[in-house]
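Below is one structure, written out as structure tokens; comments come after it.
Here, each number is a calculation from the coordinates, and none is a lab measurement. Keep in mind that what you see is a predicted model, and the values were worked out from it rather than measured. Cβ placement follows ideal geometry from the backbone for every residue including glycine, while neighbour counts extend to all protein chains displayed.
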Amino acid sequence: MSRVTDQGNVARKFEQINEAWRPKVIAELNGQEVKVAKFLGDFPWHVHDEADEMFLVWRGSIIVELRHESWELGEGDFCVVPKGTEHRTRAAEEAEVMIFEPAETRNTGNVVDPVFTAPQGERT
């Protein structure tokens with residue numbers, strides 16, 4: 001018999017987050033992590049050389065910028081940034097975002113930043 005190992009309420013998971021840009025793992029499956037994070041302000045430009053990254057806006061709106069285009073995402077919108085693509089995210093007002101990517105993917109990709117690089121694997 002299977003056992004549920006990750007379950008919960010997404011809105012309650014967001015309530016437990018107190019700072020921007022610190023993703024928290026809420027579930028793991030097939031080598032992937034589902035993370036929740038609050039976005040506010042501008043995130044640094046970075047690349048994930050080995051991982052695609054999907055953003056799904058739960059509340060608010062964000063902009064996902066590539067060097068030559070950008071996407072504005074509102075509630076319920078998502079996009080996938082292909083591996084090897086330089087990008088950053090921005091939010092003029094606090095937004096709640098779900099992130100889907102391979103386990104242990106550093107949030108700042110190829111960049112280590114004392115302010116923005118979050119500890120890996122933190123759960124909420």
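Sort out which residues of segment 95-114 are loosely packed, with under 14 Cβ neighbours inside 10 Å and either touching a Phe, Trp or Tyr at 6+ places or on another chain (Cβ under 7 Å) or without any contact (Cβ under 8 Å) to a residue 60 or more places away in the chain (or both), and write them in order of number.
Within segment 95-114, Val112, Pro114 meet the criteria.
Taking Ala37 as the residue in question, decide whether it is touching a Pro at 6+ places or on another chain (Cβ under 7 Å), hydrophobic (A, V, I, L, M, F, W, C), within 18 Å of Pro119 (Cβ to Cβ) and touching a residue at least 24 places away in the same chain (Cβ under 8 Å).
Yes: the conditions hold for Ala37.
Out of curiosity, is Gln7 farther than 15 Å from Glu93 by Cβ, without any contact (Cβ under 8 Å) to a residue 40 or more places away in the chain and over 14 Å from the mean Cα position of the chain (by Cα)?
yes
When segment 72-94 is examined, which residues are found to be among the hydrophobic types (A, V, I, L, M, F, W, C) and either surrounded by 15 or more Cβ atoms within 10 Å (Cβ to Cβ) or within 13 Å of the chain's Cα centre (by Cα) (or both)?
Leu73, Phe78, Cys79, Val80, Val81, Ala91
Among Arg59, Arg12, which is free of Cβ contacts under 8 Å to residues at least 60 places away in the same chain, under 21 Å from Arg123 (Cβ atoms) and touching a helix residue (DSSP H, G or I) at 6+ places or on another chain (Cβ under 8 Å)?
Of Arg59, Arg12, the one residue that is free of Cβ contacts under 8 Å to residues at least 60 places away in the same chain, under 21 Å from Arg123 (Cβ atoms) and touching a helix residue (DSSP H, G or I) at 6+ places or on another chain (Cβ under 8 Å) is Arg59.
Could you please find all residues in segment 54-97 being touching a Lys or Arg at 6+ places or on another chain (Cβ under 7 Å) and assigned to a strand (DSSP E or B)?
Ile62, Ile63, Glu65, Glu94, Ala95, Glu96
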